[in-house]
1. Just wondering, is there one or more residues in the stretch 71-82 that are surrounded by 11 or more Cβ atoms within 10 Å (Cβ to Cβ) and within 30 Å of Thr108 (Cα to Cα)?
2. Within the stretch 41-53, does at least one residue satisfy the condition of being closer than 30 Å to Ala9 by Cβ, more than 32 Å from the chain's Cα centre (by Cα) and not in a helix (DSSP H, G or I)?
3. Out of the residues in the stretch 15-34 that are within 32 Å of the chain's Cα centre (by Cα) and not small (Gly, Ala, Ser), state the one that is surrounded by the fewest Cβ atoms within 10 Å (Cβ to Cβ).
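Rule-based calculations on the coordinates, nothing more; no lab input. Because the structure is a prediction, the values reported are computed rather than measured. Cβ placement follows ideal geometry from the backbone for every residue including glycine, while neighbour counts extend to all protein chains displayed.
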Amino acid sequence: MRKKRFHLAERRFKIARLYSQGKKQFEIAQELKISEVTVLKDLDIVVSDWKKFAARQIDMIKAEKLMEIGELKRTNYEGYFRSIAEKKKKIERRETGQRDGKGVSITTKANETSELTGDPRYLQGVQWCIDKEIELLAIEDLAAGGKEFILTIEPASKKLAQRMARDDSEPSPGGD
């Protein structure tokens, strides 16, 4: 059983390699001495596996970017709240003068509190983060009528998809 799986995986690897080199399905079948139907079925499985792998990679990248955007959003919120907090300022005033004919220095200390309005640049940063999250998750597309979110992987898979479409439209010699 294990030997059979290994042989199957090896055959699919060879088919994928030859296909990615631009060989037609009938050429692959001739070279590996198998039927075109087998090549077609194996290619379907290989392409399906590639798509699953690519989707997992894209999901991982999305998750990383969402974490980065979340951290940036948190930082912008913190900056905004710091910018609207009360600002306390210690004021020291020194005055010199004369008392009883002697030079005297008088120091007065006071605290001055002022409320600041928030810096709108931080809110612009928060809005940018929210917009990027919506864009990354394709929420607008889903909300606007359930449009399908389509990702394209460049350039290898685009070429592969074009080649597959071309192969599907061309009749193969041999009739398989």
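1. So far as the stretch 71-82 goes, yes, one or more of its residues are surrounded by 11 or more Cβ atoms within 10 Å (Cβ to Cβ) and within 30 Å of Thr108 (Cα to Cα).
2. No, because not a single residue in the stretch 41-53 is closer than 30 Å to Ala9 by Cβ, more than 32 Å from the chain's Cα centre (by Cα) and not in a helix (DSSP H, G or I).
3. Here the answer is Gln21.
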